[in-house]
Ligand SMILES: [Mg+2]
């Protein structure tokens with residue numbers, strides 16, 4: 001259907017909603033920094049931690065994630081840390097060590113360098129939202145005041161992606177029809193396949209240059225956030241143009 005605006009044909013796009021971790025937030029260095037602080041503290045407390053390695057602490061997340069993947073991220077992290085502390089008989093100190101980890105993890109979590117200017121550009125054209133499975137609260141990660149709405153799985157009973165209820169909550173928060181919303185994220189399953197199934201548009205942020213999986217086609221694909229404004233302009237007639 002024609003947009004009725006000049007020569008352009010596209011759909012009306014009013015709202016852009018972002019995944020958090022590895023999309024707008026460079027989480028990996030923050031998690032590694034948190035685990036380095038944990039390992040330092042373990043070694044300070046007991047010589048039994050002398051042989052424990054950072055690689056072992058990093059592997060503990062993967063070891064517990066499978067059976068806890070529906071749980072809140074903080075709970076999964078505590079289970080991973082408990083496993084790490086058990087390596088040096090320090091499990092009784094889980095509460096303090098978890099506090100230490102999260103203090104470092106949040107202090108070190110920052111947007112990717114290409115994010116602030118992209119958000120500034122997009123804000124003039126669209127309503128911006130933030131919707132995550134994780135616990136990267138915008139205000140604790142250098143993104144205070146950037147979004148018109150924020151959704152966090154497990155708050156108010158919100159199930160995690162890829163549950164359809166998650167995207168329904170995004171649509172409700174946006175207050176516009178699903179087809180006017182584009183979801184932007186790095187996860188093929190959570191940020192491309194499931195949003196499209198729920199009637200939203202999707203942009204795959206493929207920072208790593210991964211091959212595109214079969215079975216679904218995102219509305220657009222970008223390799224960095226700086227390319228997003230042009231990709232969205234190409235995709236639809238934004239609200240300003242209607
Ligand atoms: Mg992500």
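Just so it is clear, none of the values below were taken in a lab; they were calculated from the coordinates. What you see is a predicted model, and the numbers here were worked out from it, not measured in a lab. Cβ sites come from the backbone with ideal geometry, for glycine too, and all protein chains shown count toward neighbours.
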Given contacts defined as C-alpha pairs under 8 Å and at least six residues apart, what's the relative contact order of region 101-242, whole-number percent?
19
Among 151, 68, 35, residue whose mean-square fluctuation peaks in a GNM of the chain (springs only between Cα atoms under 10 Å):
68
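How high is the relative contact order of region 28-108, given as a whole-number percent (alpha carbon pairs under 8 Å, six or more residues apart)?
Working: 78 pairs, mean separation 35.5, N = 81.
Relative contact order for region 28-108 comes out at 44 percent.
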Zone of residue 107 (label point 7 Å along Cα→Cβ, backbone N under 11 Å): which residues in region 28-42?
34, 37
If the elastic network links every pair of Cα atoms under 10 Å, which of 163, 71, 55 fluctuates the most in the Gaussian network model of the chain?
55
With Cα coordinates, the longest principal axis of the chain makes an angle with the long axis of helix 73-86, in degrees rounded to 10, of 20
According to a simple spin-label model (label point 7 Å from Cα along Cα-to-Cβ), what is the distance in nm between residue 217 and residue 99?
5.4
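Relative contact order for the chain: what percent, with Cα pairs under 8 Å and sequence separation of 6 or more? Write down the numbers at each step before the final one.
Numbers: 398 pairs, mean separation 63.9, N = 242.
Result for the chain is 26 percent.
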Computed over the chain: longest principal axis from alpha-carbon atoms vs helix 164-174 long axis, angle to nearest 10 degrees, is 60
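Grab the beta carbon distance between residue 40 and residue 92, set R0 = 22 Å, and tell me the FRET efficiency rounded to 0.05. Numbers along the way, then the final one.
On the way: r = 19 Å, r/R0 = 0.84.
Rounded to the nearest 0.05, the efficiency is 0.75.
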For residue 148 paired with residue 71, estimate the spin-label separation in nm (one decimal), with each label point 7 Å from Cα along the Cα-to-Cβ line.
3.7
Would you mind telling me which residue in 202, 47, 136 has the biggest mean-square fluctuation in a Gaussian network model of the chain, where springs connect alpha carbons within a distance under 10 angstrom?
47
Does anyone have the angle between helix 94-108 and the longest principal axis of the chain? Alpha-carbon axes, 0 to 90°, nearest 10?
40
Placing each pseudo-label 7 Å from Cα in the direction of the beta carbon, residue 172 and residue 50 end up separated by a distance in nanometres of 5.7
Taking every DSSP beta bridge that has both residues in the chain, what percent is antiparallel when rounded to the nearest 5?
10
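Rounded to two decimals, what is the ratio between the C-alpha radius of gyration of the chain and 2.2 N^0.38 Å?
Taking N as the residue count of the chain, the ratio is 1.13.
Considering all alpha-carbon pairs of region 28-108, what whole percent are spaced by more than 16 angstrom?
45
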